[in-house]
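Presented below is the structure to which this report refers.
The values are calculated or read from the model by the stated rules, or taken from the named source; none is laboratory data. In this text, all values refer to a predicted model and were calculated from it rather than measured experimentally. When we count neighbours, we look across all protein chains shown, and the Cβ atoms used for this are built from the backbone with ideal geometry, even at glycine. These area figures cover heavy atoms from the full protein model, side chains too; ligands, DNA and RNA do not enter into them. Shrake-Rupley method; radii C 1.70, N 1.55, O 1.52, S 1.80 Å.
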Amino acid sequence: MTTCLTISHVGHRGDGVAEGRFVPFTLPGEVVEVEGEAERAAPVRIVSPSPDRVAPPCPHFGTCGGCALQHWARAPYLDWKRDLVAAALRQHGLVADIAPTIDAHGEGRRRVAFHARRGDGPRPTVGFAAARSHAIIAIDACPLLAPGLGGALAAARRIATTLEGVAKPLDLQVTAAAQGLDMDLRGAGRLSERERLRLIEAAGAAGLARLTNHGSLVMQREQPVVLVDGLAVPLPPGAFLQATEAGETTLARLVLGAVGKAKAVADLFCGVGPFALRLARQARVLAIDADAPAIAALAAATRTASGLKPIRAEARDLFRRPLLAAELKGLDAVVFDPPRAGAEAQAKLLAKADIGRIVAVSCNPATFARDATILAAGGWKPGTLTPVDQFRWSAHVELVADFTR
């Protein structure tokens with residue numbers, strides 16, 4: 001049995017919503033025909049398409065689970081990302097000015113995680129996961145990737161095929177470094193000497209700068225580095241970076257603008273230092289993250305950089321050991337950029353801190369709104385919130401907000 005539905009809006013996961021049902025790949029105002037009565041139903045036919053519907057640029061769209069919204073025109077899509085932030089604030093009763101979304105896709109994504117699964121054929125399937133499935137969709141290209149990842153898919157196929165004796169699923173994380181491709185394997189387990197030698201040969205043939213297995217070195221032609229505001233940072237295996245270079249630059253510009261003329265700043269959940277290194281051009285910086293290799297990379301970058309104010313880099317789990325009031329004393333500003341889980345424990349202590357300004361960076365509007373509510377209860381008022389889109393065609397959105405009292 002088929003039913004006609006009118007899509008009222010796009011939900012927070014990127015699906016069209018109509019009468020409490022979720023219809024992927026549809027847009028507001030569209031009349032669509034769906035089959036059955038399931039809560040989530042694929043459209044059988046678009047009866048009345050939206051004027052904002054565009055042709056998806058990727059032939060894998062609709063089967064690959066990486067993108068949800070390639071069929072939506074740019075302007076309403078960016079407005080929707082802003083609306084995701086506004087909806088999260090409303091759920092917590094927060095009021096703030098929200099700027100238009102900044103498109104920070106730039107040249108494209110500089111890191112990617114491919115999946116490889118061995119089936120009945122002679123070679124593993126390499127690509128991305130299907131939507132809401134563990135099945136792997138083999139791809140031949142991805143329009144989201146930066147030119148620096150141009151050879152990443154071929155390299156991932158070569159490495160996955162080399163591990164012919166590994167029946168387990170593999171994840172292959174590839175980062176575009178200044179020296180070339182940096183790849184970290186996940187899922188291969190302990191390698192035999194024969195496997196290791198074959199991988200060394202394959203990595204060389206693929207032109208990889210480095211190959212690691214769960215962070216352990218297999219082959220390195222040259223130490224991969226990334227440039228942060230012109231400063232060379234040695235890249236730890238599998239290290240977290242902002243998805244796009246334009247995204248990092250945009251977020252950093254907003255952070256520095258919000259910090260203003262502060263002379264002593266804490267950068268919490270700092271990673272390899274995309275904010276800390278820029279902040280240190282004007283301020284003393286306390287940089288903290290639980291990732292010890294990232295902290296070591298930041299420390300190494302500061303030793304070779306010139307013209308920076310002092311950076312004290314510390315490995316510390318801020319979920320278990322947030323900075324206390326005494327440790328926050330003397331700071332002009334605090335920047336915090338936590339993972340998707342947010343920073344509830346640290347926000348509770350920041351709410352009581354005697355500091356001039358707080359700058360929050362978030363990749364999850366829901367946990368940001370929770371943490372912002374904690375700050376608001378302590379008398380902190382949000383300034384302008386700026387959404388940043390570096391995950392094009394997805395339901396993810398970043399934001400930067402400053403708080404004063």
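Values for this structure:
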quantity: Every residue from the range 104-133 that is surrounded by 15 or more Cβ atoms within 10 Å (Cβ to Cβ), under 19 Å from the mean Cα position of the chain (by Cα) and assigned to a loop (DSSP other than H, G, I, E, B); calculated: ALA104, HIS105, GLY106, GLY108, ARG110, ALA131
quantity: Wholly within the range 15-82, strands (runs of 3 or more DSSP E) carrying at least 2 residues that are under 26 Å from PRO100 (Cα atoms); calculated: 16-18
quantity: Residues within the range 319-364 that are touching a strand residue (DSSP E or B) at 6+ places or on another chain (Cβ under 7 Å), open to solvent by 30 Å² or more (accessible area, probe 1.4 Å) and not small (Gly, Ala, Ser), tallied; calculated: 3
quantity: Lone qualifier among ALA206, ALA239 - being touching a strand residue (DSSP E or B) at 6+ places or on another chain (Cβ under 9 Å) and within 30 Å of ILE311 (Cβ to Cβ); calculated: ALA239
quantity: Single condition VAL31 does not satisfy, out of (1) closer than 29 Å to ALA113 by Cβ; (2) free of Cβ contacts under 8 Å to residues at least 40 places away in the same chain; (3) not small (Gly, Ala, Ser); calculated: (1)
quantity: Hits in the range 143-156 (condition: touching a Phe, Trp or Tyr at 6+ places or on another chain (Cβ under 8 Å) and in a loop (DSSP other than H, G, I, E, B)); calculated: LEU144
quantity: Spans of strands (runs of 3 or more DSSP E) in the range 157-254 with at least 1 residues under 24 Å from ARG109 (Cβ atoms), open to solvent by 20 Å² or more (accessible area, probe 1.4 Å) and not acidic (Asp, Glu); calculated: 170-177, 180-186, 216-220, 225-228, 231-234
quantity: Pick from the range 59-90, criterion in contact with a strand residue (DSSP E or B) (Cβ under 8 Å, 6 or more places away or on another chain) and without any contact (Cβ under 8 Å) to a residue 40 or more places away in the chain, ranking: farthest from PRO49 (Cα to Cα); calculated: ALA86
quantity: Which numbered condition ARG316 fails, given (1) open to solvent by 60 Å² or more (accessible area, probe 1.4 Å); (2) within 17 Å of CYS270 (Cβ to Cβ); (3) among the basic types (Lys, Arg); calculated: (1)
quantity: Qualifying positions in the range 291-313 - in contact (Cβ under 8 Å) with a residue 24 or more places away in the chain and either open to solvent by 50 Å² or more (accessible area, probe 1.4 Å) or within 19 Å of ARG340 (Cα to Cα) (or both); calculated: ASP291, PRO293, ALA294, ALA296, THR304, GLY307, LYS309, PRO310, ARG312
quantity: Residue in the range 383-405 that is surrounded by the most Cβ atoms within 10 Å (Cβ to Cβ), counting only those that are part of a loop (DSSP other than H, G, I, E, B) and in contact with a His (Cβ under 8 Å, 6 or more places away or on another chain); calculated: GLN390
quantity: Index of the failed condition, GLY307 passing every other in (1) closer than 19 Å to ARG281 by Cα; (2) in contact with a Gly (Cβ under 8 Å, 6 or more places away or on another chain); calculated: (2)
quantity: Number of the exception - ALA68 against (1) over 16 Å from PRO387 (Cα atoms); (2) surrounded by fewer than 18 Cβ atoms within 10 Å (Cβ to Cβ); calculated: (2)
quantity: Flag if HIS115 is under 17 Å from GLY66 (Cβ atoms), at pLDDT below 90 and either in contact with a helix residue (DSSP H, G or I) (Cβ under 7 Å, 6 or more places away or on another chain) or not basic (Lys, Arg) (or both); calculated: no
quantity: Qualifying residue in the range 134-145 (condition: β-branched (Val, Ile, Thr) and open to solvent by 20 Å² or more (accessible area, probe 1.4 Å)); calculated: yes
